[in-house]
1. Within 12 Å, Cβ to Cβ, of B:Leu101, how many net charges do the neighbouring residues add up to if Lys/Arg are +1 and Asp/Glu are -1?
2. Mind running the shape call on chain A? Use the C-alpha gyration tensor, a ≥ b ≥ c as the square roots of the eigenvalues: rounded below 1.5 for a/c, prolate if a/b tops b/c, oblate otherwise.
3. Just in segment A:337-442: which GluC sites (Glu not before Pro) are loop by DSSP and have at most 12 other Cβ atoms within 10 Å?
4. Excluding residues on the same chain fewer than 8 positions from A:Lys190, give the lysines whose Cα lies under 16 Å from its Cα.
5. Calculate the spin-label point distance for A:Arg552 paired with B:Gln159, positioning each point 7 Å from the Cα along the beta-carbon direction, and give it in nanometres.
6. When a/c is below 1.5 the answer is rounded, else prolate if a/b is larger than b/c, else oblate, so apply that to segment B:16-139 with a ≥ b ≥ c taken from the square roots of the Cα gyration tensor eigenvalues.
7. Whole-Hz ³J(HN,Hα) for each residue in segment A:623-633, computed from phi via Karplus 6.51 cos²θ - 1.76 cosθ + 1.60 with θ = phi - 60°, x for glycine and proline: what do you get?
8. What net charge is computed for the residues neighbouring A:Asp615, neighbours being all others with C-beta under 13 Å from the C-beta of A:Asp615, Lys and Arg scored +1, Asp and Glu -1?
Amino acid sequence: MTVKELDALRAKKQQLIDVRRLVREQAEEMAKHTGYRKQVLVCGGTGCTSSHSKQVIEHLEKTMAECDIHDVLVVKTGCFGLCTLGPIMIVYPEGAFYAQMTPEHVETVVKKHLIPGGEIVKELLYQDTVHTDGSITPFAETPFYKKQMRIALRNCGVIAAEDIEEAIAAGDYAAVEKVLTTMSPDDVIKEVLDSGLRGRGGAGFPTGRKWSFAKASAGDVKYVCCNADEGDPGAFMDRSVLEGDPHCVLEAMTIAGYAIGAHQGYIYVRAEYPIAVERLKIAIKQAHEYGLLGKNILDSGFDFDIDIRLGAGAFVCGEETALMTSIEGHRGEPRPRPPFPAVKGLFGKPTILNNVETWANINPIIMKGAKWYSSIGTEKSKGTKVFALGGKITNVGLVEVPMGTTLREIIEEIGGGIPNGKKFKAAQTGGPSGGCIPADLIDTPIDFDNLVAIGSMMGSGGLIVLDEDTCMVDLSKFYLEFTADESCGKCTPCRIGTRRLLDMLTKITEGKGEEGDIEKIEALAEHMKSSSLCALGQSAPNPVLSTLHHFRNEYEDHIKNHHCTAGVCKALLSYTIDKEKCIGCGLCARNCPVSAISKTDYTAPGHKLPSMAIDQTKCIKCGVCQSNCKFKAVERK
Amino acid sequence: MEHCEAKCGTAEQEQALEAVIEASRSTPGCLMHILQEAQAIYGYLPMPVQKKIAEGLGISLSEVYGVATFYSQFSLKPKGKHRISVCLGTACYVKGSDKILEEVEKELGIKCGECTEDGLFSIDSCRCVGACGLAPVMMVGEEVYGKLTPDKVKGILDQYKEASK
């Protein structure tokens, strides 16, 4: 393909994409030129697919055919971000945002809205888009979307994820065009360097510097790798980019190849992400067909190709040297650094490795310039960050906000607060390598350095919200179980350290903690941090150290008082029946799996039957009695 | 048992495996890919299969075994017809997925990592399938079940039991 052909292709579907991006009135005007009266976008990301969006699409197409509707375009996109309300369906040009669709709902929408002269079905809309007076706000104005700034996710949920022509119309491959026709490799590196972009995979290393090191390394053969081994549980932004806009990653890797002088790229992606893998394969195939990958890209004389390598379920492979060892077909064990990958990486050649979200920022940096990009964010953290909001929060999903947004804005405004009237306790960032931000630091502007300063880290951007029902000791234990399980075993501090930390935490949660245990944990943690081979071991103690720093009293409560503050640790719990509240119905006793509940001699005033009591020696603390009691007479302490 | 040790499954399976080895052997770093394909063919990686791969690639069995045991996706033991995978990722864990796992174990009478005697179900835990919006989730085969509570577990498993009667 030539540059001219690419430009023509971009113009071809431009209006179609514009309808989805303009405000309603302009979109309605634009829609007249597209040949489609309406467009229905259905999310085909993992979240919505798991809530059966496939059936929604099938049903939509079937019902439309039955109703003889042929001028409505159905588009299967990537993630819209609001996963908890899936399956989601947006109708343009109105921008009507339908949530939690079922086949019946689809039928209603087709018959009432999609037919010629149809009206929006208000009762099926995402309720935040409907005012009390019945008027409809664009979804971009709802609390969940209003404060977001979508750079990395710019095309997710906007384009058909399996159609390269839509990707091109939405702006993908414009940057590679600009780079190959007007920029030298040094220009590219300077632009990325000046943008201040830092790696979104965890540590936040300046991307431009990585690229300039690799360019400076001598050698004919170099490699460009994409880390899509998103192993951090609770983080799913990389998956969403791959599912929603895979071409932006291919384009950015090509640009990096040009900048450092590489001709081969590898994407290392988790096998646990079947949809992402499938879309990547389709995208690579299409890019080849359109001449945007392979030999002589856009007639520039530059060759670049990309292969996919599937991971097989090893968290440590998210570490760069382990990832490369794994691509080479070996056990994914990390290697000592130096030599750094930019000097000696994959197959012993100079290599750069960036994660998916980092790659997703390259096109806008090239197109809009370093100056624009560096105007967003904080002094040392530029641009935006995508967070996967999860845990005890109303709007579970994917959000992209400028660096420096406070935790309060993310949780209370965008996230819609904590459900069930519970109290916010802390937010966990950085997964098994990170730590907690307690409630009193909720106004901290989130960027790389602030998070490190309060004992956590950005990590890949998982943001798990915890409420008062979460025990911080139990949570640390959970993370240590994870790292102990995932430690590759190559270096001793990590292999034995994670195991011993886990043993001590288990002991504490079982009520067998002793004076001095906290100090032992702290000492061991320091050793692991200073002497482990890779980031997995070095950061494995972070969840413990961070919770110890902010919630030391909970650890002490477990050890000194044999009491779990949050009422989570089973061994420290007891269930009792309030004899004044108990009406003696016996439902608890009938459901108790170990027959630990029986009648007492006491009948509370106003009740007809004697109250029940739990035999603590028999009780296994399963909680069945409490969930069965309709009178809230069972207490957990 | 002797007989099993020598052979690599059925003739079709063996042929498929040979084709995979032949097609990939010249690609650098192909071992993982071959193991993934082999597991797709056999459902797991029995020792004769590993031996055959080692011979086919001209590498030692210990290297193949080392890789096969390093990654959690590979299994040296047969799995159930319906592979249950309960997510114990953070988002699911804070929403009580440990109780979902307990319920599945109780319902099937086996522990995580085991397979039922009739070969119908096996249970594993996994770390995040990325459907955090639906936490807690579990997968049965490729199907994802979200927003679970322990009392929904029996109904889901019963569907599969019913279907295989």
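What follows is calculated from the coordinates using simple rules that are stated; it is not laboratory data. All of these numbers come straight from a predicted model, not from anything done at the bench. Here the Cβ positions follow ideal geometry from the backbone for every residue, glycine too, while neighbour counts run over all protein chains shown.
1. -3
2. Oblate shape, in that a/c is at least 1.5 and b/c is the bigger or equal ratio.
3. Taking segment A:337-442 and a limit of 12 other Cβ atoms within 10 Å, the loop GluC sites (Glu not before Pro) found are A:Glu379.
4. The reachable lysines, counting only those whose Cα sits under 16 Å from A:Lys190, are A:Lys178, A:Lys210, A:Lys215, A:Lys368, A:Lys371, A:Lys382.
5. Modelled inter-label distance: 5.1 nm.
6. Prolate shape, in that a/c is at least 1.5 and a/b is the bigger ratio.
7. Per-residue couplings from phi come out as x, 4, 4, 5, 6, 8, 5, 8, 10, 6, 8 Hz.
8. Summing Lys and Arg as +1 and Asp and Glu as -1 gives +3.
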